Structure formats: C-alpha cells, structure tokens
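The values are calculated or read from the model by the stated rules, or taken from the named source; none is laboratory data. Please read these numbers as outputs of a predicted model, since none were measured by experiment. Here the Cβ positions follow ideal geometry from the backbone for every residue, glycine too, while neighbour counts run over all protein chains shown. When the accessible area is computed, the model is the full protein with side chains, heavy atoms only, and any ligands, DNA or RNA have been set aside. Shrake-Rupley method; radii C 1.70, N 1.55, O 1.52, S 1.80 Å.
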Amino acid sequence: MSEQKVPMTPGGQTRLREEMRRLKESDLPQVVKDIGTAREHGDLKENAEYHAAKERQGMIVARISHLENALARAEVID
C-alpha cells in the first residue's frame, strides 16, 4: 500500500511547520515541566494537575506525529 500524498498550499505547509516547531520547542517542554511540578505535589493517584498535564502531553505528542506524517507526504500545489 502506497502512502497517499497530502495536497497543501505553500502557505498551509508553512503553517503546519510553524505549528510543529511551536509544539516541539515551546508546548512540549512546558508540559514536561508542568508534569515535574505536579509530581512534586505528592500522591499521583489523586493529583488532577498531574493527570491533566499527562493528557496534554499525549495530545501534543499525537499532534506532532500527525504533523510529521502530513508534512512527509505533502504535495505542494498552487
């Protein structure tokens, strides 16, 4: 099965690259820091901050994966 191309405009490709850069350089490091801070608050079973930060981390990692996949298959059109 061949990978399907993802058509996108040059502007769309730029926006996706910028979003991926922001997620990797800003959002992901911040959520890792938030997880560390929440861990310091003790019992993780009843720590809503910790669970929320872990959930956010999962969403960020999934979005980065989605963007990397789309950009790898990008077919830039006018």
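Table for the structure above
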read-out: Helix 10-22 axis, angle to the chain major axis (alpha carbon atoms, nearest 10°); value: 20
read-out: Per residue, in Å², the accessible surface of the chain once ligands and nucleic acids are set aside, probe 1.4 Å; value: 74
read-out: Acute angle (nearest 10 degrees) that the helix 28-39 long axis makes with the longest principal axis of the chain, alpha-carbon atoms; value: 20
read-out: Two-site label geometry, Glu49 and Glu25: point separation in nm, points 7 Å out along Cα→Cβ; value: 2.8
read-out: Whole-percent carbon and sulfur share, accessible surface of the chain, 1.4 Å; value: 51
